[in-house]
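The values are calculated or read from the model by the stated rules, or taken from the named source; none is laboratory data. Quick caveat, the model's predicted, so the values are computed rather than measured. Cβ sites come from the backbone with ideal geometry, for glycine too, and all protein chains shown count toward neighbours.
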Amino acid sequence: MTAHKVLIVDDEFAIRDMLRMALEMSDFDCLEAETIQQAYALVVDERPDIILLDWMLPGGSGIELLRRLKREDLTSEVPVIMLTAKTTEDNVIQGLDVGADDYITKPFAPRELIARIRALLRRAGGGPGDERLQVGSLVLDGESRRVFIGERPIDMGPTEFNLLHFFMSHPERAYTRGQLLDQVWGANVYVEERTVDVHIRRLRKALQSEAGDLSKLIQTVRGTGYRFSARGVM
């Protein structure tokens with residue numbers, strides 16, 4: 001089995017070295033970059049399976065690189081975990097809103113980071129199998145990992161895809177944020193519940209397209225969480 005390739009983007013050698021040793025001990029292959037320019041070149045040339053991205057970097061911020069990666073078709077599907085000393089809620093939400101798939105603050109335990117990497121790789125590459133789900137004009141194709149409204153494909157990240165798959169597989173039932181974390185992210189992975197709200201927002205945005213606005217399929221249930229329902233929508 002080919003080892004997953006991880007790109008570490010951090011301007012501090014000590015942190016890159018610590019991460020590289022921990023990752024290689026867990027059977028990952030590592031690439032390293034200390035600027036956003038080096039990082040982007042490696043993403044294009046080496047196609048890593050996942051990126052660990054520091055917020056503050058020489059020549060620009062990790063957020064700038066993240067925006068560029070998520071904007072371009074070639075790199076938009078690469079999962080990204082932000083690594084940063086910025087701990088305020090606004091910083092967390094900004095990173096997730098721009099397109100980060102997870103967020104971990106320094107200092108952190110390497111074992112926790114590796115658990116999150118493995119969980120994110122499972123979400124990005126596994127889950128629905130070849131299942132095909134359809135609700136009205138909304139179609140989810142598990143084999144190709146694509147979503148369509150009618151005949152038109154719509155763009156969404158791996159976490160939003162898996163979240164939508166879970167919702168479409170379990171319609172009309174309300175789930176708490178904690179339940180969604182267990183079902184979509186994994187019961188053994190620590191992710192803050194507010195992360196669910198960010199990905200719900202991104203999923204709703206993805207369901208708004210020229211082919212139709214299906215964002216109302218994802219409903220907020222006050223005092224509980226969220227549910228998927230086609231009643232009154234289709």
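A quick yes/no check of all residues on (1) part of a helix (DSSP H, G or I); (2) of a type in the set (S, T, N, Q); (3) surrounded by 15 or more Cβ atoms within 10 Å (Cβ to Cβ):
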residue: C30; (1), (2), (3): no, no, yes
residue: Q37; (1), (2), (3): yes, yes, no
residue: Y40; (1), (2), (3): yes, no, yes
residue: L53; (1), (2), (3): no, no, yes
residue: I63; (1), (2), (3): yes, no, yes
residue: E77; (1), (2), (3): no, no, yes
residue: I93; (1), (2), (3): yes, no, yes
residue: D97; (1), (2), (3): yes, no, no
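Working only within the stretch 11-28, note down all residues that are crowded, with 18+ Cβ neighbours inside 10 Å and in contact with a Lys or Arg (Cβ under 9 Å, 6 or more places away or on another chain). Correct list: F28 only. P107 meets each of the listed conditions (1) assigned to a helix (DSSP H, G or I); (2) at pLDDT below 85 apart from (1). Applying the set (1) in contact with a Pro (Cβ under 8 Å, 6 or more places away or on another chain); (2) farther than 28 Å from I200 by Cα; (3) not in a strand (DSSP E or B) to R20 leaves exactly one unmet item: (1).
Looking across V147, V233, one residue alone is farther than 29 Å from R111 by Cα and assigned to a loop (DSSP other than H, G, I, E, B). It is V233.
Condition check for R67 on (1) out of contact with any helix residue (DSSP H, G or I) (no Cβ under 7 Å at 6 or more places or on another chain); (2) closer than 23 Å to T159 by Cα: one failure, at (1). Here the stretch 179-197 is the region considered, the condition is being part of a loop (DSSP other than H, G, I, E, B) and of a type in the set (A, V, I, L, M), and the residue that is modelled with the lowest pLDDT is A187. When residues in the stretch 198-214 are screened for being surrounded by fewer than 19 Cβ atoms within 10 Å (Cβ to Cβ) and either part of a strand (DSSP E or B) or more than 19 Å from the chain's Cα centre (by Cα) (or both), 6 of them pass.
Just one of the listed residues (V44, V78) is out of contact with any helix residue (DSSP H, G or I) (no Cβ under 8 Å at 6 or more places or on another chain), among the β-branched types (V, I, T) and touching a residue at least 24 places away in the same chain (Cβ under 8 Å), and it is V44. Scan the stretch 1-10 for residues that are without any contact (Cβ under 8 Å) to a residue 12 or more places away in the chain and crowded, with 20+ Cβ neighbours inside 10 Å and the total you get is 0. When I81 is tested against the conditions (1) in a strand (DSSP E or B); (2) out of contact with any Phe, Trp or Tyr (no Cβ under 9 Å at 6 or more places or on another chain), the lone failure is (2).
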